Amino acid sequence: MTARDAAQRDITLRSWAGLQVEAVQFKGIPPERLAPLPESLALQPHQPLDPLKVRDSLRRLYETGLYKTIVVEGLRHGDAVTIIFSGVPNLFIGRITVNGINNERLSGVLERSTRMNAGTVFNDAKFLQAQKLLQETLEENGFYQSKIFASTAVDSANSQVNIVFEIVQGKQARVGAVAVQGDSGMTIDSFRKKGKLKEDSKVSRDTVSNALSRLRKNYQKQNRLEASLKLDSHTYQPPVNHLDYGFSADRGPLVVVLVEGASLSKGKIRNLVPVYEEGAVDEDLLNEGDRRIRDYYQRAGYFNVKVTHDEQLKDKQHSIITFTVSLGMKHEVASVTVNGNKYFGTDTILPRLSVVKSSIVNRHGMYSQALAQADVNAITALYQSNGFSNVKVTPEVKDADVNTKGKKTKDAQLSVNYTIDEGAQQRIGAYVINGASKVQLSDLTPLLNTQSGQPYSSLNITQDRDSILTFYLSHGFDNAQINLLQRPSPKDPNLIDVTMNVTEGDQFFVNRVLISGLHYTRPSTVEDRVLIHPGDPLNQTALLETQRKLYDLTLFNQVNTAVQNPLGDELRKNVLLQFTEARRWDISYGFGFQAQTGNPQSNCANLTPQQLIQLGINPSTYTCSPNGKTGVSPAVLFNISRINIRGTDKSVSLNTTLGTLEQRILMSFSNPHFLDKPKLNLILTGGYTNAQDVTTYASSRLEGTIRLTDRVNKPNTLIYSFGYRRVKVDPNSVQVAPDEIPLVSEPVRVGGPGITWIRDTRVPTPLDATSGTFTTVIENWADSHFASQADFNRIDGTNSSYYKFGKLNTWVVARNTRIAAEHSYGGSDYNLVPLPERLYAGGAQSHRGFGINAAGPRDSLTGFPIGGTGAFINNTELRMPNPMLPYVGNSLGFVLFEDMGNVFEYARDIWPSFTRFRQPNRDGCRNLNEQEQSVPHPGSPISAAGLCSFNYFSHAVGIGLRYHTPVGPIRLDFSYNLNPPIYPVIIDYSSTPTNPIPAHVGEAGHFNFFFSIGQAF
């Protein structure tokens, strides 16, 4: 339509003013997409025609964002007129797909490089720009020969355009010629070598940045900190598919950084002076070096230290930077006090301060000007958040070289005092919400954390505003705005009246939910996790939660959520859910280790020197101790998994472990939403394990288990299981009396049901809890009715609790108690339980007074642990607040712990042993008569009872270090067993024909250490 036609129609409509509007029609956009907008337009049927209303309605239609252009037409029928809004609809960007790229990372980079956002308006300019950006990104990654074939598919029903970019990568470009301008100090060959710009190597997006980084580091190693280096040009040579580079390099002078007046190592200078980090020298960096050196020495006790710098250029090739340090007298922080505080107690303020008084763990304390200013800011923020807007904090530092008795001290004494002028406290006066017409005030007021009469805090008021705004956004009011008006009350200047003015805007709803990108995944798998549906308010919070739930399926690399036509005022909007499915097959591998005392030893046997030499063992240093050895237990992990089975979140995995203590292959099938119930998780497992987690034997286990996990609620979980396992002890690994080996190594089939209850209320994280409890109760049955060859019952309960205390609840007492018992249905309660099924304790997550699984009864002839049918272990830890230390800050914490308990021959021996601090009948343990120590258990030939008793509570004390990291604390524990057991060693597998070892009395070690990740419990 020409401008002349438009003007003519405008004149016609004005000339029809006052005629009755018979109908208002809309073309180009389906009526259901426009609804309910037509009913709210200014122009309505059965009213006189008003050109102003036509103009207003036209503006409102454009504001929806649905139209590209609109033409207003009119049809006259006598004294009536029909108005037609005829428009060309906008199309919106739908799914963007990049095909032809095998590298997932590059594919994602290319998709993002198009700068085409799903849901926004599509036009040809964006489309052409996207192709240009794709080509640039491909060339940045070395694909200069690539070709892009772009196509679009219009989805008229949903007003969107799906875009596909088919890419033919071509061969990746190679590094060609390299030219260097300037005084680089290197030959071209050396420049290439240092920058790893080897001729004919592949070009990637990181080729230049990595080369520049390596070359800068090379200059830095030479102390040429003022070197300049940049890329001038890169030229593509199509015939040979090479990329030629041109660099400018000036090595600059040799920079020597000296520190006078104090002794600092070269490494420490590099850490403190930022010119090494930045690879440049300027005044700002040198001033930063002054500050860092000053803070370093202030933390070391030189609180009056002064630092200056000077730069001298001797010649074009040599520059000297000198930091002059005047240390002054060494200090220690004798006291940190506050006065003038009335509203807050001193106990509330002091723990928030960064200036720290000297103590045992921090000899000089912590003081610097920066820390003192940080304390002023912290105290000010504390008061201002409680209504003291005019608070003033003044630090006062006193320096003295005599103590309170007037005696001269070795180090000067620093006293730091913060004087607080609180001022008047301001409180909330009237608190009013205005403008809420579409939402009930009764729905908004519970969201407020601040009430009239409470201390005034601008931070709390801002949080209230954010809470109200979040409520509106979660109910579809995308254009809601909230303005705060805060002013003193006319009744009292210390009362602040707060008015929250709400501009609600229109409420938006969901029109349709458009799902795309599902190839292998069933739509029903994702639809169950979608929390927004047609007709619902457009809830941004629910949209984010939907995205989280979909990611939790672990089926997708990317879940992109978008609102179609985000800038338009369309009242019913489409929501886009776009998926990029993850690879269904995944292979992972890794390596790990655990360092500790009491590592189980394998292949202990009565070997000749020749046999030891064949095994690579030095006969003169060979030992085989019942207490194991100190060392590292490495393990290699290799896993294969297959997800998205039959289009669901079911998966199959194969997990393998190869280590010195364990070799395992395990296959499992997982259905995390069994029977479509989100709280039910079904797992089927089967596999083979060969492990030596106790010094006495190595056992193999062939097992199959079905496990159903029921997440009853957030803290409580129930696990129902049923399993079969064939347990076998390697006869060549059994460290018991030789005549007992055939009995304890006989294969046993164990089968039956089990149930586990777990209750977990630990906070803030399970790996580093400070409060809450963790309880597990495991009940397992092995019964001949289920084809089990052994009939026994095992119950194993553990309870951990955590208690915070102290002024700021920074001290934690943690306790863990384990009680376990086994009972066989016939014969002896002890002997009918297979050796690998017995109870064991000891190690990093158990009683730290023993090596791994080394607590409890031992074989009366060899001294190796043989487990029991009762166990009681109690761990108590005092976890201290992390002190502020040099170098590591507050990342390092300390723990004092006491572990007590043991493994017992019979469960009934636990409680009588509670008060026994020493091992009973130690004389019997010193008896080395083989015949007397070979007395069998009553009614069982499995193992000898001997004369040695282990029915007592062993106690260990220790100290632990905890270095906190984002994945949990790194743990190092040192323990001392106060009363380790002794035992007879009549048969010693370290004995050789040339070096026989006589019978002797063994003793478990007093000292143990353990290294691992995570708290002990």
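Every number in this text was worked out from the coordinates using simple rules, so none of it is lab data. In this text, all values refer to a predicted model and were calculated from it rather than measured experimentally. So basically every Cβ, Gly included, is an ideal-geometry build from the backbone, and we count neighbours across all protein chains shown.
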Would you calculate the separation in nanometres between label points at N929 and Y551, each defined as 7 Å from the Cα along the Cα-to-beta-carbon direction?
-> 7.2
Contour minus end-to-end for Q373 and K196, with contour as 0.36 nm per residue of separation and end-to-end as the Cα-Cα distance?
-> 59.0 nm
Given 0.36 nm per residue, what is the gain on full extension from N210 to E662 after removing their alpha carbon distance, in nm?
-> 158.6 nm
What nm value, rounded to one decimal, do you get for the distance between K342 and R726 when each label is placed 7 Å out toward the C-beta?
-> 8.4
Could I get the Rg over Rh figure for the range 516-573? Both from C-alpha atoms, Rh via Kirkwood, rounded to two places.
-> 0.98
Determine, for I93, I819, the number of other Cβ atoms within 10 Å of each Cβ, and report the residues in order from fewest to most.
-> I819, I93
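Can you give me the relative contact order of the range 427-503 as a percent, contacts being Cα pairs under 8 Å and 6 or more apart?
It comes to 44 percent, rounded to a whole number.
Apply the a/c threshold of 1.5 to the C-alpha gyration tensor of the range 3-89 and tell me whether it is rounded, prolate or oblate.
oblate
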With a cut-off of at most 15 other beta carbons within 10 Å, and DSSP calling the residue loop, which chymotrypsin sites (Phe, Trp or Tyr not before Pro) in the range 507-561 qualify? Please list them.
-> Y520
At a Cα cut-off below 17 Å, give the aspartates and glutamates reachable from K407, other chains included and same-chain residues fewer than 8 away excluded.
-> E332, D399
Charge dipole of the chain built from unit charges on the beta carbon (Lys, Arg +1; Asp, Glu -1), centred at mean Cα; most positive-end Cα among Q220, L13, H533 is Q220
Once you put a point 7 Å from the Cα of D443 and another 7 Å from the Cα of H46, both along the Cβ direction, what distance in nm separates them?
-> 3.2
Would you count, across the range 118-232, every pair of lysines whose alpha carbons are under 21 angstrom apart, provided the pair is eight or more residues apart or spans two chains?
-> 24
Length-normalised contact order for the chain - Cα pairs under 8 Å, 6+ apart - percent = 6
Partners for K679 among aspartates and glutamates (Cα-Cα distance below 19 Å; same-chain residues under 8 apart left out) = E527, D528, E545, D552, D649, D710, D760
Within the range 252-346, trypsin sites (Lys or Arg not before Pro) in DSSP loop having at most 12 other beta-carbon neighbours inside 10 Å = K316, K342
Would you mind working out the magnitude of the charge dipole of the range 92-168 relative to its Cα centre, with +1 at each Lys and Arg C-beta and -1 at each Asp and Glu C-beta, to the nearest 20 Debye?
-> 100
Based on the Cβ-Cβ distance of Q481 and K132, what FRET efficiency does E = 1/(1 + (r/R0)^6) give at R0 = 35 Å, to the nearest 0.05?
-> 0.40
Select from the range 883-923 those trypsin sites (Lys or Arg not before Pro) which occupy a DSSP coil region and have at most 14 other Cβ atoms within 10 Å, ordered by residue number.
-> R918
What percentage of all Cα-Cα pairs in the range 146-229 are separated by more than 15 Å?
-> 69
Please work out the FRET efficiency for the pair H234 and A35, using the Cβ-Cβ distance as r and a Förster radius of 56 Å; give the result to the nearest 0.05.
-> 0.50
With +1 on each Lys and Arg Cβ and -1 on each Asp and Glu Cβ, how big is the dipole of the chain about its Cα centre, in debye rounded to the nearest 20?
-> 1100
Along the charge dipole of the chain, which of G751, L484, G87 sits closest to the positive end, that is, farthest toward it, with unit charges on the beta carbon of Lys, Arg, Asp and Glu (+1, +1, -1, -1)?
-> L484
Can you sort R815, R105 by how many other beta carbons sit within 10 Å, fewest first?
-> R105, R815
Per DSSP H run of at least 4 residues, take -39500 (n - 2.57); add these up for the chain, divide by its residues and hand me the 222 nm value, nearest 500 deg cm²/dmol.
-> -5000 deg cm²/dmol
Reachable aspartates and glutamates, given that their alpha-carbon falls under 15 Å from the alpha-carbon of K392 and they are not under 8 places away in the same chain | D375, D421, E422
Once the principal axes of the Cα atoms of the range 92-168 are found, what is the range along each, listed largest first in whole angstroms?
-> 39, 23, 17
Work out the length of the dipole vector of the range 3-89 about its Cα centre, built from +1 on the beta-carbon of each Lys and Arg and -1 on the beta-carbon of each Asp and Glu, and round it to the nearest 20 debye.
-> 260
Before anything else, pin down the relative contact order of the range 254-326: Cα pairs under 8 Å, at least 6 apart, normalised by residue count, whole percent.
-> 42
Based on the Cβ-Cβ distance from T994 to L702, what FRET efficiency comes out when R0 is 41 Å, to the nearest 0.05?
-> 0.55
Per the rule of 0.36 nm per residue minus the C-alpha distance, extending Y825 to K221 adds in nm 210.0 nm
Mean shadow area (nm²) of the C-alpha convex hull around the chain is 62.3
Ascending count of other beta-carbon atoms within 10 Å, so fewest first, for R174, R224 | R174, R224
